[in-house]
Every structure is written in C-alpha cells, then in structure tokens.
1. If I fit a long axis through the Cα atoms of helix B:59-74 and take the longest principal axis of the Cα atoms of chain B, what angle between them do I get, 0 to 90°, rounded to 10?
2. Treat the count of other C-beta atoms within 10 Å as a stand-in for reagent exposure and order A:Val73, B:Val103 from fewest to most.
3. Restricting the count to DSSP beta bridges whose residues both fall in chain B, what percent are antiparallel, rounded to a multiple of 5?
4. What is the angle, in °, between the Cα long axis of helix A:30-40 and the longest principal axis of the Cα atoms in chain A? Nearest 10 is fine, range 0 to 90.
5. Run down the lysines and flag those whose C-alpha is under 27 Å from the C-alpha of B:Lys3, throwing out any fewer than 8 positions away in its chain.
6. Tell me the relative contact order for chain B as a rounded percent, counting alpha carbon contacts under 8 Å between residues six or more apart.
7. Averaged across A:37-50, how many Cβ atoms of other chains sit within 10 Å of each residue's Cβ atom?
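We did not get these values from a lab; they are worked out from the coordinates using the rules stated. What you see is a predicted model; the values in this text were computed from it and never measured. So basically every Cβ, Gly included, is an ideal-geometry build from the backbone, and we count neighbours across all protein chains shown.
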Amino acid sequence: MAETGPFLTEEMCNQAIGVESPPQVLEVEKGAIIRFAQAIGDPNPLWNDEGEARQSAAGGMVAPPTFLRSAPVIRPDPPFPMPFERMLDAGSDWEYFEPVRPGDIITTVARIENMSERSGRLGLMVFTVLKITYTNQFGRVVATQLSTLIRY
Amino acid sequence: MAKLYWEDIQEEQEIPSITKDPTTRQLVRYAGASGDFYEIHYDKDYAMGNDLPGPILHGALKSAFLGQLLTDWIREGGTLRRLTCQYRGMDVPGDKLTASGKVTRKYQESGRRLVDCEIWLDNGQGERTTLGSATVELASREA
C-alpha cells in the first residue's frame, strides 16, 4: 500500500502511522459561523440568519460543511525529521454525521493515517494523510476529515 | 425555495452550476475566518519565492465552493453526508471558477435515501482544477 522511495522507508511509514496529536477545543460561536460564511461567499440563511434558520427544518443556525476547517488542529509530526520546507493541501474527504451548531464545543484529534511519496513536477513529494475526528460536547462524532498534505 | 426530494432525482442529472470570482481580499478574509495564515495565500513575494505564480487559493476554500454547490442544490430537503475534493491544479485570484456536478447514483441504504454525485471546479480557461465526489441524503415524498 505505502509507496516508498528515496526518502521514506516502510519502517518510517510504520513508525508514523497512528501518531496522534493532543486534542484541541473549539467553542462554536454564531459570529464565527457568519464570518466564515461571509468569507466563503455563501449567503445560505442556514449559516447567516438565525431568524430564517429557525423557520427551517434545521430549527436554527448550523455551520456550513467546511466550517470545521476553522477548528484548531495540531498536526501530528512523524517521529523523524522531515527535510521539506514547502507544503500544499492535496485534498480532503469529509464525512458528516451530526450538525454543528452555535454553542457546540468541538474537540479535534488528528492522527497520521498513511504516508507515501512520489516524484512529480514539484520534485520529490511526501504525502501525509491525517484523519481528523471532530467530537461534540455530547461525545458524538460530528464529522471526520481525511486531509492529505504534500511536503516538497 | 421548493424542497428537493429523492424521488425527483435521476442518474446523470446535472447539478445547477454556481460561479465564484475569488479575489486576494477574499483569500485574506478566508485566512482570517479559517485560521489558515500560510503566506502563499496572500503574500505575493512569499508565494513567488515558493515558485508559485503569486498568491493561490486555499484548497479548503475551493472545497467550500463545492460544498455550496451541493447545499444550494439540496437546500432544506437534504443533508450532505460526504464531500471529497482533490486539488489537481492551482487557482489564482482574479480567475473565475465554475462549480458543477452531476448525479452518478441514486440508491437506498439502511433506510436512507442517498444520491452520489461527481463534482468539479473549472477555471476561466476551462481547466478542471478540482475534482471531487459527494453523497447527499434526501427526504422522500412518501415519508
């Protein structure tokens, strides 16, 4: 499964997979949801207008799908030096289980799911897949995000 | 706005496109709202020092555009269950982006009425810079 090469060995991948970062907490504020919606240019009343959102099936304001990108996350480091200065976001895979509402307290934990490397137009690229789990104050997982980062 | 029901969906059906005109100002706003202050998204000198053409869009902002494509479409009648985005090309402020999609599969699973979609972003040159997929759960007219 792991694509290794001049930098990554299979042993390094095995050491890195499963490393977790300490939990971080976000208290979801209504104003932060509205500012996020404005920043992405999304006028949907569900994330902009409490009055209108109350009339909807949601029963009140909720966060837009990618709002959880604003939750603090400590990226877990693999247990070896990574001699790369540059980084790009390669993509995300979100699963959503529960709505996120103002007043929610969301705890985030990130875990290294996989590492691999490839050579491409940026030269040698090391891919790290993090699984970020977002859990609310009731102990329910509201969403997970697989986030792939490229270091090069 | 009329509710979208599962029964109204057909495979191959197109999702109504939305367009976005991101500016450097929007990237600064997104940096503030998301907490992602990586300089390649608003500092031209820094970005060019990283061999980039200039500031580039946050990948997550592009996924937010694709999220809006879906939530504009399903409105209150549905729930987004999965959103996947792969950033294949870099996008720069000043270039118009069009978010589009189509239904690939309509099915029921564990009592849920689900629809899978392919989604993507095209830049002003017609290049597909972001590819993705999504699953939405819709209400039924029968329920």
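1. 30
2. Exposure proxy ranking, most exposed first: B:Val103, A:Val73.
3. Numbers: 34 of 35 bridges.
Looking only at bridges with both residues in chain B, the antiparallel portion is about 95 percent.
4. 60
5. The reachable lysines, counting only those whose Cα sits under 27 Å from B:Lys3, are A:Lys30, B:Lys20, B:Lys62, B:Lys102, B:Lys106.
6. 31
7. Mean partner-chain Cβ count within 10 Å for A:37-50: 5.
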